[in-house]
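The values are calculated or read from the model by the stated rules, or taken from the named source; none is laboratory data. Since we're looking at a predicted model, the values are computed, not measured. Accessible surface areas use protein heavy atoms only, side chains included; no ligands, DNA or RNA. Shrake-Rupley method; radii C 1.70, N 1.55, O 1.52, S 1.80 Å.
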Amino acid sequence: MEKVLYPYLYFPGVATISGITLGNTTTIDTTDAHNFVVGQEVAFRIPNAWGTVELNSLPNTLTPGSPVYGYVIAVTDYNTVVVNINSSAFTPFVVNQTVASIQDLHILRLLL
């Protein structure tokens with residue numbers, strides 16, 4: 001058996017969100033190492049019960065049928081990433097949810 005160095009590099013392109021800090025930029029905390037990099041395009045899928053659904057990539061009210069994406073502007077650690085979306089007027093993120101609903105709460109890495 002061989003040991004894999006830096007296993008977080010081999011995670012799929014989805015990270016589960018554990019917290020969101022709203023403001024002029026949006027800070028996302030994830031439950032595991034996220035492997036995002038500065039400049040990367042990202043999309044969100046947040047169920048209504050969790051709040052902050054304004055981050056969701058669809059629907060785009062400005063250009064219907066065109067997803068809304070954000071870009072990573074900072075990676076502060078393995079579990080925290082900052083995106084260029086101004087979320088200061090968005091609904092708060094609600095962390096007190098059932099375990100069953102966590103499967104639908106994601107930030108998605110877009111592979112271009």
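Within the assembled protein chains, the solvent-accessible surface assigned to Leu5 is about 120 Å², based on a 1.4 Å probe. Heavy-atom accessible area with a 1.4 Å probe sorts Ser88, Ser57, Ser66, largest first, into Ser88, Ser66, Ser57.
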